[in-house]
Amino acid sequence: MEYALTPIMGIDVEKNAYTCYGPPSQRFSTTSTADLGRAVIRLATLSLDPASASRVPDELRISGSTVSYEDVQGIVARVKGVARGEIESKDLTQFKNRIRQDPGQNYQDYLRVVTGEGRADFSSDNANELVNPAEAFWKWKTVEAHVCELWGF
């Protein structure tokens, strides 16, 4: 989450400006570093317990919070008490073609393509309930909570 909500990913909370590839309503999942750490600890614990080890898959997804650029725009406006910032939606197909022609080393570009295509929305395909059933061990950090922390609320 701390990485996803940054200018390099098209989200500039400080300037209240947003740039996405594809529709700004496209949802993507993001998880705080602390929540990822907690999930890893829970998975290790579950894996070591013979009663639960067989339920732990080799691969899984975690989805602390799932939002769209429009959602983030609204959250930032509400938390900061400002008007909704502008969202610039760029052509995803052109961006993909440019990357194909000149792949480079910028993995953020690939993340932005995956996000724009909707392949970063893990809201319905995740292991949240395995690691933190009904949020019994902790509350997943929300994007709104993260923005509030950034602005000292």
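The values are calculated or read from the model by the stated rules, or taken from the named source; none is laboratory data. Since we're looking at a predicted model, the values are computed, not measured. Cβ: placed from backbone, ideal geometry, glycine included. Neighbour counts: every protein chain shown. Ligands, DNA and RNA are excluded from the accessible area calculation, which covers all protein heavy atoms including side chains. Shrake-Rupley method; radii C 1.70, N 1.55, O 1.52, S 1.80 Å.
Here are a few things to note about the model shown:
- For beta carbons closer than 6 Å, sequence separation of 6+ or different chains, a first residue in segment 25-54 that is closer than 16 Å to Asp121 by Cα and a second that is surrounded by fewer than 12 Cβ atoms within 10 Å (Cβ to Cβ), there are no qualifying pairs.
- Screening Ala44 against (1) touching a Gly at 6+ places or on another chain (Cβ under 6 Å); (2) more than 30 Å from Lys80 (Cα to Cα) leaves a single unmet condition, (1).
For every residue, the table says whether it meets (1) open to solvent by less than 20 Å² (accessible area, probe 1.4 Å); (2) assigned to a helix (DSSP H, G or I).
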residue	(1), (2)
Ala77	yes, yes
Ile99	yes, yes
Phe122	no, no
Glu129	no, yes
Ala134	no, yes
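- Residues located in segment 20-44, provided they are closer than 20 Å to Trp138 by Cα, more than 14 Å from the chain's Cα centre (by Cα), of a type outside the set (D, E, K, R) and surrounded by 13 or more Cβ atoms within 10 Å (Cβ to Cβ): Ala39, Leu43
- Flag for Glu70 being more than 19 Å from Asn128 (Cα to Cα), charged (D, E, K, R) and touching a Pro at 6+ places or on another chain (Cβ under 9 Å): yes
- Selection status of Asp58, assigned to a loop (DSSP other than H, G, I, E, B) and open to solvent by 90 Å² or more (accessible area, probe 1.4 Å): yes
- Pair list, Cβ < 6 Å and 6+ apart or interchain, from segment 107-134 residues that are within 20 Å of Thr93 (Cβ to Cβ) to residues that are aromatic (Phe, Trp, Tyr) and open to solvent by 20 Å² or more (accessible area, probe 1.4 Å): Arg112/Tyr21; Gly116/Tyr21
- Hey, Val67 among the β-branched types (Val, Ile, Thr), modelled with pLDDT of 95 or more and open to solvent by less than 20 Å² (accessible area, probe 1.4 Å) or not: yes
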